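Before any comments, here is the structure.
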Amino acid sequence: MTYTITLIPGDGIGPEVADATKRVLESAGVKIEWEVHNAGAAVAEQQGTTLPPSVLEAIKRNKVALKGPIGTPIGKGFRSVNVTLRQALDFYANVRPIKSLPGLEPRFEGTDITIVRENTEDLYAGLELMIMPGIAQSLKLITERSCLRICEYAFEYAERMNRKRVTVVHKANIMKLSDGLLLECFRKIALAHPRIEPAEMIVDACAMTMVRNANILDVIVTENLYGDILSDLGAGLVGGLGIVPGANIGKEAAIFEAVHGSAPDIAGKGIANPTALIQSAVMMLHHIGEAEAAQRIEKALLAIFAQGAVKTGDLGGSATTTEFTDALCKTIASA
Ligand code: NAI
């Protein structure tokens, strides 16, 4: 079977890691017709928008997309394409598995945490205003509907993946109404999933726990901002942003993308680590039912990392993106 999948290469290192990922999928024997669409600053100059409607239509039509990172100007300029995309197509669950790979000297052996981050609300709702010069306000939007469905997703994920515990991460001691609402919804949903142990943790304590004793954590469900920060912290525990994958899941479609950004400091140098996007593509293969191909790639990745001979610069090696991809494709082909 040939799948039609939308590909948004993104900017910065996006096109480099997207090319590598396409090669890896091909070497695993998955037949994909890529419908390539661009978004971000480069498109805005020609089309007057960073996110042309044709991109949204393609994702809706194909139901699955693979996406490279897209840069967002800091403190000024256009709104994040990523946030707009997640809100426009209601990709409400952002799933980020934080898992150690062999040969990387992670902070802890055998870390295996999944962060399920609410992806459409919170301080990312885009509700900001200057009340008067010198006074800015950002509104934190939390709704019962979103809290219920993200908690439901986290418990269902835990059941499907044979996990033991879901921990809700919040700051309801201070934000009693907004984070309190998440907590209330979490407790309600937990009652319907008696096989999974529910737990609660305040976000600052969670950050410390991740650094001191990450392996006591299993599945985490949390709000948009906490999830964003904790998943980069998690990436740091297991080897860095170059390896951690992610998925944005909605009721109608899903987009798979790495946790990292466009890494402008190394863009165009051919040295980016494609592992994070490759692992995102592995999540995509599981999602579309290509478990066998997904496992072939996972096995080859584990073998490459265990051998440790071919590593990109972010992991202390000297391999280029192409050298790493060549070695991975060769391992897949020879398995
Ligand atoms: P970043 O993730 O792009 O880079 C942080 C550091 O990690 C840099 O030193 C970079 O070289 C390194 N790094 C990241 N990915 C790597 C990889 N695959 N291989 C090797 N090294 C890697 O974060 P930063 O610099 O904060 O953001 C850059 C731009 O990316 C910003 O405009 C930001 O808005 C955007 N961004 C986009 C995301 C998305 O499209 N989903 C997610 C996060 C940031």
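Structure values in brief
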item: Cysteines having no other Cys beta carbon under 4.7 Å from their own, within the chain; result: Cys151, Cys206, Cys329
item: Rounded accessible area per residue of the chain, 1.4 Å, Å²; result: 45
item: Carbon + sulfur, % of accessible area of the range 121-220 - ligands and nucleic acids excluded, 1.4 Å; result: 60
item: Other-chain or far-sequence residues with amide H under 5 Å of Thr111's (modelled H); result: Ser100
item: Cα centroid separation, the range 105-131 to the range 1-41 (Å); result: 25
item: DSSP beta bridge pairing in the chain, given as percent antiparallel to the nearest 5; result: 40
item: Top of Pro52, Pro97, Pro73 by mean-square fluctuation, Gaussian network on the chain, Cα under 10 Å; result: Pro73
item: Environment charge at Arg163 (Cβ cut-off 12 Å; Lys +1, Arg +1, Asp -1, Glu -1); result: -1
item: Added length on full extension, which subtracts the Cα-Cα distance from 0.36 nm per residue, Lys330 to Glu57; result: 94.7 nm
item: Exposed-loop-free span, longest in the chain, where GluC sites (Glu not before Pro) count as exposed if DSSP calls them loop and at most 15 other C-beta atoms lie within 10 Å; result: 110-251
item: Distance in nm between pseudo-label sites at Gln295 and Lys164 (7 Å out along the Cβ direction from Cα); result: 2.5
item: Rounded FRET efficiency, nearest 0.05, which uses the C-beta distance separating Ser318 from Arg187 and R0 of 45 Å; result: 0.35
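The values are calculated or read from the model by the stated rules, or taken from the named source; none is laboratory data. Since the structure is predicted, the reported quantities are computational estimates derived from the model, not experimental observations. Here the Cβ is made from the backbone with ideal geometry for all residues, glycine too, and neighbour counts use every protein chain on show. Side chains included, ligands, DNA and RNA excluded: accessible areas come from the protein's heavy atoms. Shrake-Rupley method; radii C 1.70, N 1.55, O 1.52, S 1.80 Å.
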